[in-house]
Amino acid sequence: MNNESFIERIKMYVRDVAIEDVILNLNKPPGRKPRQRHVIQSQWFNNLCSNDQNILKEIIQEAIDEAIFGFLATLDGVRIIEDNDEQKGEFKLTYTLGDKKERLNDPDKEYLHDIYNSLTNPE
C-alpha cells in the first residue's frame, strides 16, 4: 500500500461510511431504545424539506472532510499539535505487510492531506 491507495481507502471506508452512517442515524436512530438526543435530532431532520436535508448532508460531508484533512495535515507535520514549537516531534506512519514496509507520510513525497484534498475536491 502506498500513500495514494491509503488515502483512497480512508475516503472509501472512513469518510463515505461516516457520512452514510450519520444520515442513516438521522433518518432513524439505531437501537431498540435510542438516546433521547438522537430521537430529537431525527425528528428535527425528518421534518426538514428535502432541500434542507440535502444542505445538511453537504454540511455533514464538509465537516467530516475538514476533520480528516486536519488529522492528515497533523500526520504530515504541517499542522502543529505541540504546545512548544521548539520541541516539535514527527509522526511516522508505516504500513507493514509481511517483510515489506512503506512509509505513508514520507515528507519527501506528496502530503497525505493534499492527496485527500484532490480526491474530495476535484475542482
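Values as computed for the structure displayed
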{"item": "Integer Hz, Karplus 6.51/-1.76/1.60 couplings in order for region 68-78, x for Gly and Pro", "result": "5, 4, x, 5, 5, 4, 5, 4, 6, x, 9"}
{"item": "Residue order, fewest to most beta carbons within 10 Å, for Ser118, Ser42", "result": "Ser118, Ser42"}
{"item": "Under 19 Å between alpha carbons - lysine pairs in the chain that sit 8 or more apart or on different chains", "result": "7"}
{"item": "Lys/Arg +1, Asp/Glu -1 at C-beta; region 1-106 dipole; positive extreme among Leu75, Ile40, Asn54", "result": "Ile40"}
{"item": "Helical mean residue ellipticity (222 nm; -39500 (n - 2.57) per DSSP H run of 4+; nearest 500) of the chain", "result": "-17500 deg cm²/dmol"}
{"item": "Within the chain: Cβ-based charge dipole about Cα centre, in debye rounded to nearest 20 (Lys, Arg +1; Asp, Glu -1)", "result": "980"}
{"item": "Acute angle (nearest 10 degrees) that the helix 16-27 long axis makes with the longest principal axis of the chain, alpha-carbon atoms", "result": "20"}
{"item": "For Asn105, residues with placed amide H under 5 Å, excluding near neighbours", "result": "Leu93"}
{"item": "Cα gyration tensor shape of region 1-56, rounded if a/c is under 1.5, else prolate or oblate by comparing a/b with b/c", "result": "oblate"}
{"item": "Cα shape, region 32-123, gyration tensor, a/c 1.5 rule", "result": "prolate"}
{"item": "Under the Karplus curve 6.51 cos²θ - 1.76 cosθ + 1.60, θ = phi - 60°, whole-Hz ³J(HN,Hα) for region 29-38, x wherever Gly or Pro sits", "result": "x, x, x, 6, 9, x, 4, 4, 5, 6"}
{"item": "For region 96-110, 3J(HN,Hα) per residue [Karplus equation, 6.51 cos²θ - 1.76 cosθ + 1.60, θ = phi - 60°, Hz, x = Gly/Pro]", "result": "10, 9, x, 8, 8, 10, 10, 7, 7, 10, 5, x, 8, 10, 4"}
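Read the figures in this text as sums done on the coordinates, not as results from a lab. Fair warning: this is a prediction, and the values are worked out from it, not measured in the lab. Positions of Cβ are generated from backbone atoms using ideal geometry, with glycine treated the same way; all protein chains shown enter the neighbour counts.
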